Amino acid sequence: MSAVWTTIVALTIGTAAIKGAGPAFVGGRELPPRIARVIALFAPALLAALIVVETFGTVGRALTIDARAAGLAVAGAILLRTESLVGAIVGAAAATALVRLVFGG
């Protein structure tokens, strides 16, 4: 088996173990409200972190402001005004493409 398949199998087993650990440890009990609130905030926090890294990150540990930042700003504005996810995606793509067309890169 190649190193790639070994890695895939190891990650599959690890993921299954992690997903099974929660129900195995908690069982049918209710989580305390404080812990439930913290767990509910994990997904939005992770999504925000991924957006920031993909928008402002470059190779290495540098910070960059380019056309992606304009697209993110337009998407945020559209979401605040209309709450339309499709509109935000289309607007962000259009803004990013327009900035790249005008300023190059």
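Taking Val86 as the residue in question, decide whether it is at negative phi, surrounded by 11 or more Cβ atoms within 10 Å (Cβ to Cβ), of a type outside the set (Gly, Ala, Ser) and part of a helix (DSSP H, G or I).
no
Look through the range 58-83, keep the residues that are at pLDDT below 95 and charged (D, E, K, R), and return whichever of them is surrounded by the fewest Cβ atoms within 10 Å (Cβ to Cβ).
Of everything passing the filter in the range 58-83, Arg61 is surrounded by the fewest Cβ atoms within 10 Å (Cβ to Cβ).
Hey, can you tell me all the residues within the range 8-59 that are on the phi < 0 side of the Ramachandran plot and part of a loop (DSSP other than H, G, I, E, B)?
First, the residues of the range 8-59 that are on the phi < 0 side of the Ramachandran plot: 8-26, 28-59.
Selection gives Gly28, Arg29, Glu30, Leu31, Pro32, Thr58, Val59.
Tell me which residues, restricted to the range 91-105, are over 18 Å from Leu47 (Cβ atoms) and either within 18 Å of the chain's Cα centre (by Cα) or in contact (Cβ under 8 Å) with a residue 60 or more places away in the chain (or both).
Step one: filter the range 91-105 for residues over 18 Å from Leu47 (Cβ atoms), giving 91, 93-105.
Passing the criteria: only Ala93.
Could you list, ordered by first residue, the pairs with Cβ atoms under 8 Å in which the first is in the range 33-56 and within 16 Å of Gly76 (Cα to Cα) and the second is modelled with pLDDT under 90 and surrounded by 10 or more Cβ atoms within 10 Å (Cβ to Cβ), at least 6 apart or interchain?
Short answer, once both residue conditions are applied: Phe56/Thr64.
The values are calculated or read from the model by the stated rules, or taken from the named source; none is laboratory data. Worth saying up front: this structure is predicted, and the values here are computed from it rather than measured. Because the Cβ atoms are built from the backbone with ideal geometry, glycine has one as well, and the counts that use them run over all protein chains shown.
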